[in-house]
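This report refers to the structure that appears directly beneath it.
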Amino acid sequence: MLKPIIALAPMADYTDQPFSLLCREVAGKNFIIYREMVSSQAITRGNAKTFGMCETVRREHPVIMQIFGDQPVVMAQAARIIAEKFQPDGIDINMGCPVPKIAHKTRAGAALMKYPDLAVEIIEAIKAEKLGLPLSVKTRLGWSADNEIFDFAPRLAKAGIDLLTIHGRTKAQGYAGAVDWKNIGVVKKLLKIPVLANGDIRTPADIKRCLAVTGADGVMIGRGALGNPWIFKTVRSSQFSVLSSQFTVSKQELIRTVLRHAELHLAHYGERGMTTFRKHLAWYFHGERVAGWSDVKKIRAELVRVSTMPDLQKILERLE
Ligand SMILES: Cc1cc2nc3c(=O)[nH]c(=O)nc-3n(C[C@H](O)[C@H](O)[C@H](O)COP(=O)(O)O)c2cc1C
């Protein structure tokens, strides 16, 4: 594995097959894709929609599939089904999701930080399947305190995981508030397995800073990749030059990429898929990259209502 490791973060409703394929087309093979989390219960029930979420094609790899759940037996069965049916390059266990349906109603996601014995049982159950695939965990600094990870991470490593990703926030912080890369660095020193640092990485300069602060083996990028697949393109060139691709994408390149992403999205979800593509449009046309484009303001209101490919093309033509 090339170091530093660069990974696209798992994001529900975003890191689906069309977005993964787009990132590959834009940026090549030098990063790992984590697909959105899927329910272990739904996998073991054979839920068709959930199976659809796991489909991959060869050119998408390396791809990691992430599962969530709080029942060791079910998690192990789900991991086996996914390994055999979809052949990912690894399985990741979600131990960081704060959504109430998962972390409050059940002991899955971020709640597993409060039940380390259960977290270890889940890892052991999946390991016992001997799937021949790397097993990783993605978690946070803690449920409420940002030092809970100091006890939690060594237990996960001892149970036999191959890699740990840490989002530098607590469950209580959700997705806002200051990210703490420093504590990720403390954990990195405690473990022998590779650690990926995650949280608030938006530019190659951020990657460089995060690696310096954490000493991590790599970084995982979430929202910084939404509407910005180019983030993966330049990170390996010129030793992390501070030149961010984010701000150098031309209007033509942006429009071409948006249309290609829409094409992949509709091919996967059908013509009605444009409704669910709107959330990506919001990311493509938001932020500093398009701040200087006076004509963007005018089309934003239309983009959130767009429902067909010809409509999207017409709106974007006005930008050119
Ligand atoms: C819309 C959205 C969906 C997410 N879904 C998942 C998920 O399915 N599994 C997971 O482990 N984390 C999920 N996350 C958390 C991200 O993987 C990541 O840890 C978090 O966004 C912080 O990184 P960032 O600042 O680079 O975005 C999600 C985040 C967002 C914004």
Practice task
Evaluate the stretch 95-104: report whether one residue or more is outside any helix (DSSP H, G or I) and buried (at least 24 other Cβ atoms within 10 Å of the Cβ).
Solution key: yes
Exercise for the section: Go over the candidates S136, S144 one by one and state the one that is under 23 Å from H61 (Cβ atoms) and either away from the ligand (no atom under 14 Å from the Cβ) or in contact with a strand residue (DSSP E or B) (Cβ under 9 Å, 6 or more places away or on another chain) (or both). Expected result: S136
Practice task
State whether the residues of the stretch 39-51 include one that is surrounded by 16 or more Cβ atoms within 10 Å (Cβ to Cβ), under 29 Å from K188 (Cβ atoms), assigned by TED's automatic domain parsing to the domain that holds E121 and in contact (Cβ under 8 Å) with a residue 24 or more places away in the chain.
Solution key: yes
Completion exercise
Of the residues in the stretch 52-77, those that are touching a residue at least 40 places away in the same chain (Cβ under 8 Å), in a helix (DSSP H, G or I) and within 16 Å of the ligand (Cβ to nearest atom) number 1
Exercise for the section: Check the stretch 155-173 and report whether any residue there is more than 15 Å from the ligand (Cβ to nearest atom), touching a residue at least 24 places away in the same chain (Cβ under 8 Å), of a type in the set (A, V, I, L, M) and crowded, with 18+ Cβ neighbours inside 10 Å. Expected result: yes
Practice task
Filter the stretch 52-84 down to residues that are exposed (fewer than 14 other Cβ atoms within 10 Å of the Cβ) and of a type in the set (A, V, I, L, M) and give me whichever is nearest to L8 (Cα to Cα).
Solution key: V57
Problem - Residue ID - surrounded by the most Cβ atoms within 10 Å (Cβ to Cβ), chosen from residues in the stretch 187-206 that are among the β-branched types (V, I, T) and farther than 26 Å from L281 by Cβ - result: V195
Exercise for the section: Kindly indicate whether any position in the stretch 11-24 is assigned to a helix (DSSP H, G or I), more than 14 Å from the ligand (Cβ to nearest atom) and within 17 Å of I91 (Cβ to Cβ). Expected result: no
Fill in the blank from the handout: The condition of being crowded, with 24+ Cβ neighbours inside 10 Å, within 15 Å of the ligand (Cβ to nearest atom) and either at negative phi or assigned to a helix (DSSP H, G or I) (or both) holds, among I126, I184, only for I184
Exercise for the section: Could you grab me the full set of residues in the stretch 203-223 that are within 10 Å of the ligand (Cβ to nearest atom) and closer than 17 Å to N30 by Cα? Expected result: V219, M220, I221, G222
Practice task
Give the stretch 97-131 a look and list any residue that's free of Cβ contacts under 8 Å to residues at least 24 places away in the same chain and under 16 Å from A83 (Cα atoms), or say none.
Solution key: K130
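The values are calculated or read from the model by the stated rules, or taken from the named source; none is laboratory data. None of these values were measured; they are calculated from a predicted model. Don't worry about glycine lacking a Cβ; one is built from the backbone with ideal geometry, like all the others, and counts go over all protein chains shown.
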